[in-house]
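The structure under discussion appears below in the form of structure tokens.
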Amino acid sequence: MSTLVVVGSQWGDEGKGKVTDYLAQEADVVVRSQGGNNAGHTITFGGEKFALRSIPSGIFNPKIKNVMANGMVINPKQMLEELRGLEARGIKDYQLFVSNRAHIVLPYHEMLDGAYEAFKGDKKIGTTKRGIGPAYEDKASRIGIRIADLVDPELFKATLSQTLTIKNMELKMLGLPELDFDTVYNEYVEYGKQIKKFVTDTSLLLEEEIEKGSKILFEGAQGVMLCIDHGTYPYVTSSSPTGASVPLNAGIAPRYINNVLGICKAYTTRVGEGPFPTELDGDLAHYIRERGHEYGTVTKRPRRVGYLDCVALNYARRVSGINYLALMLFDVLSGLDEIKICYAYELDGKKINTVPATLSELERVKPLYVTMKGWKEDITNVKSFDELPLNAQLYLRKIEELTKTEIVLFSVGPDRLQTIKLKDIF
Ligand code: IMP
């Protein structure tokens, strides 16, 4: 048995989809354990680009069992559309398993997500408006509806009837139109029928796979800095995208987690609002954004960009149990004279090496930088560490030094073939 958790170690969009797809070639099982269709994992192979939202990245390989585990919030309509979209592009032969304990996202969740954001005005979170927060709220309030309810028409009727009564009161209070029970029920009960064939106890399935000695890849969504517990609260998502959350969200024992691979870009990006100490603007931000195609997969918003923040990365390593790193989008930095890396923050005149808990402190920190020499060479065809220009090698080694973590893989372009493995950890 070998397990590997892939987590985003920044604010999401680090290229987890690409790494997962690359490592999935060796996996027997790929598991998504949290989040929902707020994620957007881009995978490119054979010159074709696929954007996955809630379906695990192993879906392209018919030999891989893909699991959507209990910690996810699944939008049945979107999930079926995503599957139809893949089928239309020839991905028809796949194995998909959906946890009977995962919660579902319904239209009122999306409406409430939008309404809360509008209510917050300039304090808005900048959510993806996919209803993720409100769905997790219902889960915690114990009025959520689970996949097991959805696929049983009688159970679904009972749970929806109770929940919709409450949700309609909320919608009315916020000045939104109430939803008609029959309309929602009739539409979603149909989705339930189509999803039923995928539904199972995925915890049991994973235990069987572990006992068989399978290779299991856990594909994180979002990033550690967006974690509901450890992220830059309240500018976070509503689940925990850390290595620590995987056993809970997939129903397996913590002792089965062998390694946690943190995915990080060679720089930093963030979508949505919230503090971002190393944020850049002007020409350099533009250069990185355009070369890195830094526009959201889900919402198409231009991403905020900045220098690599090793304070945040080190923090992510600690709270998420990251023991290896993968460095993504390395080629984007080619052509610069110099590149800075943040190695510490200064807060009110004092040097600190961790992420403070409050937004006001985080907004006040001043990044302290080490300046590295850039490289002019195009590195998109590099096949090994030794082929990298010396300054690129030094940049990579500096990150290892500042994060006390070995980089086991780096990426120099979107294609599967532009991935250079330095060490086998799976
Ligand atoms: P929500 O997850 O839609 O509630 O959004 C909460 C915050 O997480 C916002 O700042 C989003 O932009 C961010 N977010 C959610 N999913 C992703 C993702 O997959 N990549 C990057 N940011 C994300």
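Quick note: the coordinates plus some simple rules give every number you see, no bench work behind them. All values reported here derive from a predicted model rather than from experimental measurement. Cβ sites come from the backbone with ideal geometry, for glycine too, and all protein chains shown count toward neighbours.
A few notes on this one:
- Region 307-358: C-alpha gyration tensor shape, a/c 1.5 cut-off, then a/b vs b/c: oblate
- If you plug the beta carbon distance of LEU176 and LEU155 into 1/(1 + (r/R0)^6) with R0 = 30 Å, you get a FRET efficiency near 0.65.
- When the Cα positions of THR128, LEU179, VAL105 are compared along the charge dipole of region 103-195, THR128 comes out farthest toward the positive end, with charges on each C-beta of Lys, Arg, Asp and Glu.
- In the chain, the DSSP-assigned H stretches of four residues or longer account for a calculated mean residue ellipticity at 222 nm of -10000 deg cm²/dmol, using -39500 (n - 2.57) per stretch and the full residue count as denominator.
- Footprinting exposure proxy ranking of ILE425, ILE64, fewest other C-beta atoms within 10 angstrom first, gives ILE425, ILE64.
- For the pair region 348-419 / region 282-301, the C-alpha centres are spaced 18 Å from each other.
- Distance from the alpha carbon centroid of region 1-72 to that of region 92-114 works out to 16 angstrom.
- Within region 265-421, DSSP assigns beta bridges of which about 75% are antiparallel (rounded to the nearest 5).
- Added length on full extension, which subtracts the Cα-Cα distance from 0.36 nm per residue, LEU394 to THR358: 9.6 nm
- In order along region 278-285, phi translates into HN-Hα couplings of 9, 4, 10, 9, x, 4, 5, 4 Hz, rounded to whole numbers, per the Karplus curve 6.51 cos²θ - 1.76 cosθ + 1.60 with θ = phi - 60° and x for Gly and Pro.
- Here the spin labels are modelled as points 7 Å beyond Cα on the Cα-Cβ line, and at MET1 and VAL184 they lie 4.0 nm apart.
- Across the cross-link table entries LYS120/LYS172; LYS16/LYS92; LYS129/LYS265; LYS63/LYS265; LYS124/LYS167; LYS193/LYS215, which are compared at the Cα atoms, the separations over 28 Å belong to LYS63/LYS265; LYS193/LYS215.
- Around GLU14: net Lys/Arg minus Asp/Glu count, Cβ-Cβ under 13 Å: +1
- Of the residues PHE218, PHE60, PHE50, the one with the fewest other Cβ atoms within 10 Å heads the list, and the complete ranking is PHE50, PHE60, PHE218.
- Spin-label model distance (nm) - LEU368 vs ALA253, 7 Å beyond Cα toward Cβ: 4.4 nm
- Here the Gaussian network model covers the chain, with springs between Cα atoms less than 10 Å apart; of HIS103, HIS230, HIS293, HIS293 fluctuates the most.
- The distance from the alpha carbon centre of region 156-189 to that of region 206-267 is 32 Å, rounded to a whole number.
- Potential extension, LYS383-ASP337 segment - 0.36 nm per residue separation minus Cα distance: 14.2 nm
- Taking Cα atoms only, the orientation of helix 132-141 departs from the longest principal axis of the chain by about 60 degrees.
- Projected label distance in nm at GLU87 and LEU347, using a 7 Å step from Cα toward the beta-carbon: 5.2 nm
- For ILE352, nonlocal amide neighbours, meaning residues 5 or more places apart or on other chains whose placed amide H falls under 5 Å from its own, are TYR345, GLU346, LEU347.
- Helix 153-173 vs. the chain, principal-axis angle (Cα, 0 to 90°, nearest 10): 70 degrees
- The gain in end-to-end length when the PHE45 to LYS404 segment is fully stretched comes to 126.0 nm, 0.36 nm per residue minus the alpha carbon separation.
- Relative contact order computed over region 307-426 (Cα-Cα under 8 Å; 6+ residues apart), in percent: 32 percent
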